[in-house]
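Since the structure comes first, as structure tokens, the remarks are kept for the end.
The values are calculated or read from the model by the stated rules, or taken from the named source; none is laboratory data. Remember, it's a predicted structure, so these values are computed and weren't measured experimentally. Every residue, glycine as well, gets a Cβ built from its backbone with ideal geometry; the counts of neighbours run over all protein chains shown.
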Amino acid sequence: MQLIIDNHKHRYEIENIARMFFHDHKFKVDFDVDPSEKNYIISGIRKDNLAYAVVNIDRRANYVQDEIPKNATDDELEWLLCTLMYKALCNVSGKTQPWGMLTGVRPTRLVHRMLDSGESIENIRNKFINDYKINDEKFRLLYQSASCEREIIKSSNENDFSLYISIPFCPSRCNYCSFVSQSVEKMDELIAPYIQKLIQEIKDAAKIVNKLNLNLKTVYIGGGTPTTLSANELLKLMSAVKENFNLNSVIEYTVEAGRADTITKEKLEVIKSLGADRISINPQTFNDDVLARIGRKHTAQQVLDAYKMANEVGFKCINMDLIAGLEGDSVDSFMSSLQTAISLEPQNITVHTLTVKRAADLSENFEEVFKKGENSVDTMVSACPQTLALSGYHPYYMYRQKGTLSNLENVGYSKEGFDGYYNVFIMDEIHSIIALGAGGVTKLVHPKTKEIKRIYNYKFPIEYIRDFENIINRKQEVIEFYEK
Ligand code: SF4
């Protein structure tokens, strides 16, 4: 499909709007019509001061235009071009988007900005529904999430930071995975040297934050699947965290124990004894056929057993992740998974919508996955807020990603008093996140200027181990950033 940009520079935004409607089409961006191309989209400005959009797909066509206001700013022009494109795409496809014209990954930020500038809820609602064209259901979800986020944001003080530790290993690879995680079957021999280097990085990072007098607010050990490590490896790693950082100020310490086939009572006891109070046990679905299809080598019963074990060990907060739109899942099966999760009464349930990225095995069948998934995923995701509310869960944070079925959202739901702080801190860039390990991206937020700087660790464990000196050297930039 050809995307033609006629006489303006807002290609990126127009392409994003078009992609919401046609995930499965490859766009060829041009500045002139290619007569051999039957399907095309044009966004342009005419000489007589009219902005216009043309959509011509599969013999359905629509043309819309509007006058460009006198002295329009760049932003106003971009808005007009996007609005016209959205309108023409809705007309041709016969459908609207649940999130309207919003393409960004953090829509709650727009709400925060409006609340900060004193806008009333009516004005905010009008803006989202009439201008951005999101539907009523999504606005309720958005506003509720943003309101919870604001309470969490307020709790962060000037010198606070959070710590992220990456364990990029998993027992096997899920077919939708786009992370750098390595299957343990292939990477077993890397674990011991990886942990050794990681402990060194923990020691170095602790020296830096102590020198800067930073205050540790939350800790998150994620990945990958941290519980791929043995109990002894977890003991070494988490002891290093405890010995080097001051955990007295920590309000939440999470360890992702994502895959049930990696969880043992011994590991859970180690995790709890070294200070973690929140773990994530992620079924994704309670349907065994779907689990097998997505490449997870455990059953739903193993998740139930792991959950029972975690409750016996006594974690304060347990999160469970579910995914809507998995290959082979149906609305009934998804709703049954949701009900099973609810019946266990975890403090958090996070509902993701399937996202297919280029690095995932699934991406080879990209078009098929999208077509099949999009038929049912709207119903699955729409049922969540109300179903969960009836069991005492509220949405406390949300975000969107590119490449998600039906352009839907990911939402963290929580029981009263159990909102996950780290998730909000990282999503809303509230304070610095110091990230350690392979694939870790440190995101520094300057306490005074709010300037943001990223420091990247190597992606793969093998590079991380080999070029470790560079990682340590780069971390010195944290000091320069804060002392600026
Ligand atoms: S558990 Fe998560 S990180 Fe590991 S392979 Fe599956 S999706 Fe990827």
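Yes or no: segment 139-154 includes at least one residue that is touching an Asp or Glu at 6+ places or on another chain (Cβ under 7 Å), within 16 Å of the ligand (Cβ to nearest atom) and either at negative phi or in contact (Cβ under 8 Å) with a residue 60 or more places away in the chain (or both). Lay out the reasoning, then the answer.
Taking segment 139-154 and keeping what is touching an Asp or Glu at 6+ places or on another chain (Cβ under 7 Å), we get 148-149, 152-153.
Those still in the list that are within 16 Å of the ligand (Cβ to nearest atom) too: none.
Among the residues of segment 139-154, not one is touching an Asp or Glu at 6+ places or on another chain (Cβ under 7 Å), within 16 Å of the ligand (Cβ to nearest atom) and either at negative phi or in contact (Cβ under 8 Å) with a residue 60 or more places away in the chain (or both), which makes the answer no.
With segment 417-484 as the region, which helices (runs of 4 or more DSSP H) entirely inside it contain at least 1 residues that are within 30 Å of Glu345 (Cβ to Cβ)?
Where helices (runs of 4 or more DSSP H) fall fully within segment 417-484 and carry at least 1 residues being within 30 Å of Glu345 (Cβ to Cβ), they are 421-427.
If I filter segment 196-235 down to residues being basic (Lys, Arg) and surrounded by fewer than 18 Cβ atoms within 10 Å (Cβ to Cβ), which single residue comes out as farthest from the ligand (Cβ to nearest atom)? Working first, answer last.
Initial filter on segment 196-235 (basic (Lys, Arg)): 197, 203, 207, 211, 217.
Narrowing further to those that are surrounded by fewer than 18 Cβ atoms within 10 Å (Cβ to Cβ): 203, 207, 211.
On the way: Lys203: 26, Lys207: 30, Lys211: 33 Å.
By that ranking, first place goes to Lys211.
If we keep just the residues of segment 360-398 that are assigned to a helix (DSSP H, G or I) and among the aromatic types (Phe, Trp, Tyr), which is modelled with the lowest pLDDT? It would help to see each step written out before you state the result.
Start the filter on segment 360-398 by keeping residues that are assigned to a helix (DSSP H, G or I), which leaves 361-390.
Narrowing the set further to residues that are among the aromatic types (Phe, Trp, Tyr) leaves 366, 370.
Details: Phe366: 66, Phe370: 70.
Only one residue tops the list, namely Phe366.
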Cys170 closer than 23 Å to Cys384 by Cβ, in contact (Cβ under 8 Å) with a residue 40 or more places away in the chain and within 16 Å of the ligand (Cβ to nearest atom): no
Selection within segment 110-121 - assigned to a helix (DSSP H, G or I) and farther than 14 Å from Leu142 by Cα: Asp116
- request: Go through (1) crowded, with 24+ Cβ neighbours inside 10 Å; (2) modelled with pLDDT under 95; (3) within 24 Å of Ile251 (Cβ to Cβ) one by one and return the number of the condition Asp428 breaks.
  value: (1)
field: Any hit, segment 293-309, residues being within 16 Å of the ligand (Cβ to nearest atom), farther than 27 Å from Lys459 by Cβ and in a loop (DSSP other than H, G, I, E, B)
entry: yes
query: In segment 254-269, which residue that is more than 11 Å from the ligand (Cβ to nearest atom) and of a type in the set (A, V, I, L, M) is nearest to Phe315 (Cα to Cα)?
result: Leu268
